[in-house]
Each structure stands twice: as C-alpha cells, then as structure tokens.
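So the structure is just underneath, and the comments pick up after that.
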Amino acid sequence: MIKYHDNIELWIEDIREGDKYAFEKLYLKFYSPLCKFAWRFLRSSHISEELVQDVFLNIWESRASLDPDKNITSFLYKDVRNKVLNHLKHQNIVKEYNPEIEWLNPAAVTQLHDFDGNDVFIKNVKKAIENIPEYARQIYKLNRKDGLTYREISEVLDISPKTVEAQMSKALKSLRRDLFQYGTKIV
C-alpha cells in the first residue's frame, strides 16, 4: 500500500516493510545533496554518484535492520563520508603501488558553476568561503549548503557539537572579515 506522508521516520518504517515508494522518496530527497557532499572531497561527479548509489543500495539490502529512531540524515552523510574516505585510501594505495597504470588514476573532473560571472560580490563571497580554513569551511558547507544541524554535523564527522560550534564561529569570523567592505551582516 502506498502511503503519502513526508515524515522521514515513517519512511524508514515503511522501507523496513519493503515499501519501494518510501525508499524512492528517501532517495530523491537525499541523493543530490549527498552527491554534492561527496564531490567536495572527490571532485568527480561520476565517483560521487557511484558511492552514493552504493549507500542507497546498502540501505535497501539491509532495510530490515534500519532503526526509525536513529537520525537517517546523519547516518546517510556518515556512510557517504566513510565510503569517500575508503575510496581515497584505495586511490592512495593504487598510486603508491601501481604508478605506471595510469587508467587506475582518473583525472579529477572539475565542474564549473555559472553564477553570473560579472557579479563582483558573488565572486568575492565565493573567494571568502574558499579562504575559510579547510576544516571550518567543511563544517560551514555542511551547515549552510547541506542544511545539517550542528548535532548532525557532529555525528557525521565524529566530533563534539562544541567543536562544530567553534569551527562555525571561526568560519563566520573569517567571512565577516573578508566581506566587511560590503556591509553585509553575516550570521
């Protein structure tokens, strides 16, 4: 029976029962944000999509063990992060032990985003975000681009919520400093 609701916890219960429609809703809600999250580390759309698809395949295959009381958002991001880290470790091993096999080391795919290239402010905002220290920038993007809460970020990155707060504070301080000239209030 197809159920029409937007409660993610209920989707998980439905998925546990084999409801393909609930699984499709979960997939459609999280697929794109998870691919963007993976792309930040891998810089390859193809590999990012492949890893995210693996995560969803694992969810479907192990659906009976899903816990509707656990935060699925944190679970998904954490699982993608782990797959990304495993992929990067594997790539390092391949590079170390098989440097002569070039086809095993695909070149990174760079995606270009066209955000009105003439707008100086947008260019400076992008530059200011890239000037944020790497760890703080990662946390900032998880919060502002992916919409994760501080608690969810702490679960995804295996750090304390206080560390997330401190890093967000560092990120916002950096943005305020770099964008001060525009009189824009950064919160």
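Nothing in this text is a laboratory measurement; each read-out follows from the coordinates by a stated rule. Fair warning: this is a prediction, and the values are worked out from it, not measured in the lab. Positions of Cβ are generated from backbone atoms using ideal geometry, with glycine treated the same way; all protein chains shown enter the neighbour counts.
Descriptive notes on the structure:
- Summing Cβ point charges (Lys, Arg +1; Asp, Glu -1) relative to the Cα centre of segment 1-60 gives a dipole of roughly 300 debye.
- Near Ala64: Cβ cut-off under 14 Å, other residues only, Lys/Arg at +1 and Asp/Glu at -1. The net charge is -4.
- Each 10 Å bin, from zero up to the one with the longest distance, holds this percent of the alpha carbon pairs of segment 18-79: 21, 56, 21, 2.
- Under the criterion of Cα pairs below 8 Å and six or more residues apart, the relative contact order for segment 17-92 equals 37 percent.
- Under Karplus coefficients 6.51, -1.76 and 1.60, residue-wise ³J(HN,Hα) of segment 14-21 in Hz, glycine/proline x: 5, 4, 4, 8, x, 6, 5, 5
- Rounded to the nearest Hz, the phi-derived 3J(HN,Hα) couplings of segment 60-69 under the Karplus curve 6.51 cos²θ - 1.76 cosθ + 1.60 (θ = phi - 60°) are 5, 5, 10, 4, 5, 9, 5, 10, x, 7, where x marks glycine and proline.
- Of the trypsin sites (Lys or Arg not before Pro) in segment 12-102, the ones in a loop by DSSP (not H, G, I, E or B) with at most 12 other beta carbons within 10 Å are Lys70.
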